[in-house]
1. For a quick check: with amide H placed at 1.01 Å from N, whose amide H comes under 5 Å from residue 296's, ignoring anything fewer than 5 positions away on the same chain?
2. Expressed in nm to one decimal, what extension gain is obtained for the pair residue 294 and residue 47 from 0.36 nm per residue of sequence separation less their Cα-Cα distance?
3. How large is the translational diffusion coefficient of the range 304-344 in µm² per second when you combine the Kirkwood radius over alpha carbon pairs with Stokes-Einstein at 25 °C and 0.890 mPa s?
4. Suppose the chain between residue 220 and residue 12 were pulled fully straight at 0.36 nm per residue; how much longer would it get relative to their current alpha carbon spacing?
5. How big is the C-alpha Rg of the range 177-340 next to the rule-of-thumb value 2.2 N^0.38 Å, as a ratio?
6. Add +1 for every Lys or Arg and -1 for every Asp or Glu among the other residues with Cβ under 12 Å from the Cβ of residue 345, and state the total.
7. Can you list the residues, at least 5 places off or on another chain, whose amide H is less than 5 Å from the amide H of residue 269, using H built in the peptide plane?
8. Per residue of the range 69-82, in order, report the coupling 6.51 cos²θ - 1.76 cosθ + 1.60 (Karplus, θ = phi - 60°) as ³J(HN,Hα) in whole Hz, putting x for Gly and Pro.
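Values quoted throughout were computed directly from the atomic coordinates according to the rules given, and no laboratory measurement underlies them. In this text, all values refer to a predicted model and were calculated from it rather than measured experimentally. Glycine also receives a Cβ, built like all others from the backbone with ideal geometry; neighbour counts cover every protein chain displayed.
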Amino acid sequence: MKILYIARSTLYSVYGGDTVQIVSTAKYLRMQGVIVDIKLSHEEINYEEYDLLHLFNITRPADALVHVENSGLPYVISTIFLDHEESQKVDKGIRGMASKYISADRIEYVKTIARWLKNGESIKSRQYLYYGHKGSIVRLVNGAAMLLPNSENEYIRFVNRYQVPAPHSVIYNGIDIEVFGGYKKQETVHDPMLVLCVGRIEGNKNQLNLIKALNDTPFKLKLVGKPAPNHMKYYEQCRNAASDNVSFEGFISQEELIRHYMSAKVHVLPSWNETCGLSSMEAAYMNCNIVISAKGDTVEYYGNDAWYCDPGSPQSIYDAIVKASEAPLNDRLHDKILTEYNWQKAAADTLMVYKEVLNIESIAKVKEVHQYEEQIKVTI
C-alpha cells in the first residue's frame with residue numbers, strides 16, 4: 001500500500017497543527033509498514049506510483065483540486081475544518097470590515113487569490129477559479145471516498161455549513177508519546193503563577209485578549225510561537241499591549257517546550273475556533289491544568305477536565321485562569337490522552353480507513369451517506 005499525502009505549500013515554513021498531524025500520522029503509518037510520501041501542493045508528482053490520495057485542509061480546496069483532477073485516484077480528506085467567521089467579525093482591520101458584508105467563503109476565495117499574488121502560492125486548478133471557494137469544497141466532498149474529521153462535532157459543523165453529507169470516520173488528534181513520554185514527573189514544578197500559551201500568534205488564537213486578561217496581574221504569561229505571516233499587524237498589537245509580566249518566547253525547540261510545560265501549572269488557548277488545540281493536548285499530558293474556549297470541538301476532547309472561557313471577554317479568560325491555577329492538578333486527562341489521543345492510535349485508525357476505501361469504496365459510500373442524511377439535521 002502506497003499513500004500520497006497532499007499538503008499546503010507552506011506546510012514546513014508556516015508551522016501549524018496540520019503540520020504536526022500530517023508528519024505524525026505518516027511517521028506511525030510507516031512504522032506499520034505503509035509507504036507514505038508527503039508532497040506539497042505545488043510539487044510535480046508521478047501519480048501512477050500510488051494507490052490512494054490523502055488530502056488535508058478542506059478550507060484550502062485550491063491546493064487539492066488539481067491533484068484530484070490529474071491523478072484519477074480514490075481519495076480521502078482530513079477536513080481540519082476551522083470556521084474563522086466569528087474571529088473575522090471581531091477583527092478591527094480589513095478582514096473584520098469585509099466579514100460584515102461578504103460571506104466567509106468569499107473571504108476565503110479572496111485570501112487564496114491574495115496568497116497567490118502576495119506570497120507566490122500558485123493556484124494550479126482552473127476549476128477553483130471557476131467554481132469558487134464553496135463550490136470547490138462541495139466538488140471535493142462529493143468525490144471523496146471518506147472524510148476524516150478530527151471529531152464528530154467537526155463533521156456535524158461542516159455538514160451543517162455546506163449541506164453535503166458524506167461517509168466519514170473520526171480520527172482523533174493526539175500527541176507523540178515517544179516525544180513526551182520520557183519526562184520524569186517528579187521533576188515538574190508547575191508554578192501556579194506561571195501561565196503558558198503555545199500557538200501561532202494570530203487573530204484566531206486570540207492572544208491579544210489573553211494579554212489584556214493578564215496584564216499587570218500577579219501572573220507571569222509566556223507566549224510561545226511565531227506570528228503568522230499574514231498577521232504581523234496583530235502581532236504588533238500584542239507586543240504593544242503587553243505589560244512587563246508578559247514575555248514573547250518565539251519558536252522554540254521541542255526539548256525546551258517540554259521544559260516550559262513542566263514549569264507552568266496552567267496552559268491557556270482562548271481561541272475563537274479549535275478542533276482540539278494540539279498544544280493544549282500536549283500540556284494536558286504534561287499535567288498542566290487547561291484553560292480553553294468551548295468554540296469549535298474542544299468539549300468533545302476535554303469534557304469536564306478543562307476550564308472554559310469566553311474568548312471575547314478578558315475577564316472570563318482571567319477568571320478561568322484563576323480557577324485553574326488554584327485547582328489541584330488533574331491526572332484524568334493525562335491518562336485519557338495516553339490511551340485515546342495519541343498518534344499511534346490515530347495512525348492505526350487511519351490505516352483501517354485506507355483498507356476499507358481500497359476494498360469496498362463504493363459500498364461504504366452509499367451506506368454511510370444514507371446513514372447520516374437524517375442525523376445531519378442537527379443545528380449547532
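1. 274
2. Gain on stretching residue 294 to residue 47: 84.9 nm.
3. This corresponds to a translational diffusion coefficient of 207 µm²/s.
4. 71.8 nm
5. Values: Rg = 14.5 Å, N = 164, 2.2 N^0.38 = 15.3 Å.
Relative to the rule-of-thumb radius for its length, the range 177-340 sits at 0.95.
6. Its environment carries a net charge of -2.
7. Amide H neighbours of residue 269: 291, 292, 293.
8. In residue order, the calculated couplings are 5, 8, 8, x, 8, x, 8, 10, 10, 7, 5, 6, 7, 9 Hz.
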